[in-house]
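Peer 1: There's a structure below that I have some questions on.
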Amino acid sequence: MDFIPVNEPLLNGNEKKYLCECIDTGWISSEGPFVKEFEAKMAASVNRKYGISVCNGTAALEVAVQALRISEGDEVIMPTFTIISCAMAVTKQGGVPVFVDSDPDTWNMRVDEIEKKITSRTKAIMVVHIYGLPVDMNPVLSVANKYGLKIIEDAAEMHGQTYDGRPCGSFGDISIFSFYPNKHITTGEGGMVLTDDEELAERCRTLRNLCFQKDPRYVHEEISDNYRFTNLQAAVGLAQLERLDEFVSKKRRMGKRYTEMLSDLKGIKLPQTKDDHADNIYWVYGIVLDDDIKMDNRTIVKKLAEKGVGCRTFFWCMHEQPVYTDKNMFESEHYPAAERLARRGFYIPSGLALTDEQMGIVVNRIENIINEL
Ligand SMILES: Cc1ncc(COP(=O)(O)O)c(C=O)c1O
């Protein structure tokens with residue numbers, strides 16, 4: 001039985017050609033010409049002035065948080081239902097994540113809860129678009145404006161998505177993308193910080209590079225990391241970016257097909273196909289088990305793996321992470337919708353290389369497991 005992986009990227013465009021150029025010219029480090037070209041083209045693709053490439057999306061969040069000078073005691077409002085990178089970027093700087101619950105249908109942060117969480121220490125809102133639909137940005141922009149808060153937009157999963165026709169990644173003071181292989185655009189590992197603010201862009205460039213100074217170079221005034229991105233990664237990224245529209249259309253077709261095939265299956269809730277601001281781009285195709293299914297997401301993911309289908313459970317909430325609760329943080333906090341998604345949600349193979357035949361097999365095996373119950 002062939003195993004169907006949860007993700008497989010498509011690398012059959014100009015990736016090889018551009019990579020060979022790196023080898024032939026000897027440009028393999030972060031100094032190579034593809035890096036600047038990829039930064040400029042990514043920025044242009046989301047109507048941003050500046051793109052600063054880094055080694056992954058987590059590093060991009062860290063640079064964004066540090067660039068905004070979020071430090072000891074500063075609060076950043078974010079969804080509890082997200083990846084740990086969001087909370088860690090803040091806590092690494094001594095900041096405090098402050099959580100909101102999720103919408104049970106779009107799986108995105110409850111934007112109506114943001115204002116209630118604002119205190120005198122709130123510095124920023126970290127918006128995270130989850131799994132395929134964008135966060136409702138208009139209320140976020142107005143609350144940020146009302147209280148003078150910064151916005152960090154985590155568009156890691158949102159290549160090619162828009163909100164009311166405006167690209168995700170173009171909102172807020174600073175935005176980020178990831179280029180991990182499960183993203184619509186991959187560079188193997190990689191990430192980018194984007195902004196329209198020249199000073200902030202320059203600060204991000206310094207932060208990704210150990211805070212070397214222009215002159216004297218080897219004198220450092222701030223702690224940071226080496227988060228540089230290589231010409232090899234940029235070569236792959238440029239080839240991928242050329243096909244973004246095609247990739248987004250393919251993902252939408254795949255999402256539609258899964259929905260058609262799974263819609264008669266009882267006991268599961270499928271992703272919302274669209275909301276008032278966008279059509280789903282199905283970064284991943286998520287499924288949430290109904291309460292009458294007597295199995296949690298971890299069990300079903302294990303059962304599907306035994307049947308040759310690679311799946312992943314949804315994110316585990318930030319307020320329930322041992323790395324924080326062991327330090328008595330977020331004690332007695334509860335976010336019922338997010339907690340339910342974390343326990344009942346999982347996503348099925350959704351990569352760009354997935355074939356129609358494989359999708360049929362995936363659906364068949366899910367049906368078998370659910371119908372056996
Ligand atoms: C919403 C979100 N933010 C940040 C990241 C981190 O990106 P990376 O894996 O490139 O560090 C991810 C990764 O999947 C993500 O989904």
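The values are calculated or read from the model by the stated rules, or taken from the named source; none is laboratory data. Keep in mind the model is a prediction, meaning the values are calculated, not measured. As a convention, Cβ positions derive from the backbone with ideal geometry for all residues, glycine included, and neighbour counts pool all protein chains shown. Only protein heavy atoms, including side chains, enter the accessible area calculation; ligands, DNA and RNA are left aside. Shrake-Rupley method; radii C 1.70, N 1.55, O 1.52, S 1.80 Å.
Peer 1: If you consider only alpha-carbon coordinates, what radius of gyration and Dmax does the chain have, in Å?
Peer 2: 20.7, 69
Peer 1: Compute, for the chain, the length of the dipole vector about the Cα centre, with Cβ point charges of +1 (Lys, Arg) and -1 (Asp, Glu) only. Units Debye, rounded to 20.
Peer 2: Magnitude of the dipole: close to 360 debye.
Peer 1: What's the Kirkwood radius of segment 255-373 in Å, using all Cα pairs?
Peer 2: 15.6 Å
Peer 1: Amide H of V100 versus every other amide H placed in the peptide plane: which residues, excluding those fewer than 5 positions away on the same chain, fall under 5 Å?
Peer 2: M78, T80
Peer 1: Based on a Kirkwood Rh over C-alpha pairs, give the Stokes-Einstein translational diffusion coefficient of segment 135-186 at 20 °C and viscosity 1.002 mPa s in µm²/s.
Peer 2: 183 µm²/s
Peer 1: If you count the DSSP beta bridges with both ends in the chain, what percent of them are antiparallel, to the nearest 5?
Peer 2: If I count the DSSP bridges inside the chain, around 55 percent turn out antiparallel.
Peer 1: Then there's this: Defining a contact as two alpha carbons under 8 Å apart and six or more residues distant in sequence, what relative contact order in percent does the chain show?
Peer 2: This gives 23 percent for the chain.
Peer 1: E72 versus K17, label points 7 Å from Cα toward the beta carbon: distance in nm?
Peer 2: 5.5 nm
Peer 1: Let me ask you something else. Through the Karplus equation 6.51 cos²θ - 1.76 cosθ + 1.60, θ set to phi - 60°, convert the phi angles of segment 257-274 into ³J(HN,Hα) values in whole Hz; use x for Gly and Pro.
Peer 2: Here the 3J(HN,Hα) series is 5, 4, 4, 4, 6, 9, 5, 8, 6, 7, x, 9, 10, 9, x, 5, 6, 6 Hz.
Peer 1: Treat each spin label as a single point 7 Å out from the Cα along the C-beta direction, and report the R121 to T325 distance in nm.
Peer 2: 2.2 nm
Peer 1: If you take the Cα atoms of segment 1-151, find Rg, then find the Kirkwood Rh from the mean of 1/r over all pairs, what is Rg/Rh?
Peer 2: Taking Rh as the inverse mean 1/r over Cα pairs, Rg/Rh reads 1.06.
Peer 1: Quick check on my link table: of K36/K250; K49/K92; K256/K303; K92/K327, which ones sit more than 18 Å apart, alpha carbon to alpha carbon?
Peer 2: Cα-Cα > 18 Å for K36/K250; K49/K92; K256/K303; rest within.
Peer 1: Sort 12-19, 203-210 for me by packing, meaning the mean count of neighbouring Cβ atoms within 10 Å per residue, highest on top.
Peer 2: So the peptides 12-19, 203-210, ranked by packing, come out 203-210, 12-19.
Peer 1: Hey, got the dipole for segment 180-256? About the Cα centre, +1 on K and R Cβ, -1 on D and E Cβ, debye to the nearest 20?
Peer 2: About 720 debye.
Peer 1: Segment 31-109 to segment 292-343: how many Å between their Cα centroids?
Peer 2: Comparing the Cα centres of segment 31-109 and segment 292-343, I get a distance of 23 Å.
Peer 1: Read phi for every residue in segment 132-147 and hand back ³J(HN,Hα) as whole Hz from Karplus 6.51 cos²θ - 1.76 cosθ + 1.60, θ = phi - 60°, with x for Gly and Pro.
Peer 2: After applying 6.51 cos²θ - 1.76 cosθ + 1.60, I find x, 10, x, 4, 5, 6, 4, x, 5, 4, 6, 5, 5, 5, 4, 9 Hz.
Peer 1: Additional query: Sequence neighbours fewer than 8 away in the same chain don't count; with that in mind, list the lysines whose C-alpha is under 18 Å from K116.
Peer 2: K146, K150
Peer 1: While we're looking at this one, here's another question. For a quick protection proxy, order the peptides 267-277, 98-108 by their average other-Cβ count within 10 Å, most packed first.
Peer 2: Final packing ranking: 98-108, 267-277.
Peer 1: Still on this structure, please answer the following. What figure, in Å² to the nearest 10, do you get for the accessible area of H334 with a 1.4 Å probe and non-protein molecules left out?
Peer 2: Roughly 130 Å² of H334 is accessible to a 1.4 Å probe.
Peer 1: Over 5 Å intervals from 0, what percent of Cα-Cα pairs in segment 1-61 sits in each interval?
Peer 2: 4, 14, 15, 20, 21, 13, 7, 4, 2, 0
Peer 1: Let me ask something else about it. Once all Cα-Cα distances of segment 184-300 are split into 5 Å bins that start at 0, what whole-number percent is in each one?
Peer 2: 2, 9, 12, 12, 12, 12, 10, 10, 8, 7, 4, 2, 1, 0
Peer 1: I want to check the label-to-label distance for D245 and K274. Put each point 7 Å from Cα in the C-beta direction and report it in nm to one decimal.
Peer 2: The two pseudo-label positions are separated by 1.9 nm.
Peer 1: Further question: So how much slack lies between K266 and K49, counting 0.36 nm per residue of separation and subtracting their Cα-Cα distance, in nm?
Peer 2: Extending this stretch completely gives an extra 73.4 nm.
Peer 1: What full-extension length gain, to one decimal in nm, is calculated for A353 and E198 as 0.36 nm per residue of separation minus the Cα-Cα distance?
Peer 2: Full extension from A353 to E198 adds 52.0 nm.
Peer 1: Over the chain, with the other protein chains present, what is the accessible area per residue in square angstrom, probe 1.4 angstrom?
Peer 2: Here the residues of the chain average 44 Å² of exposed surface.
Peer 1: So, one more: Compute the length gained on full extension between N364 and R253: take 0.36 nm times their separation in residues and subtract their Cα-Cα distance, giving the result in nm to one decimal.
Peer 2: Here the segment from N364 to R253 would lengthen by 38.1 nm.
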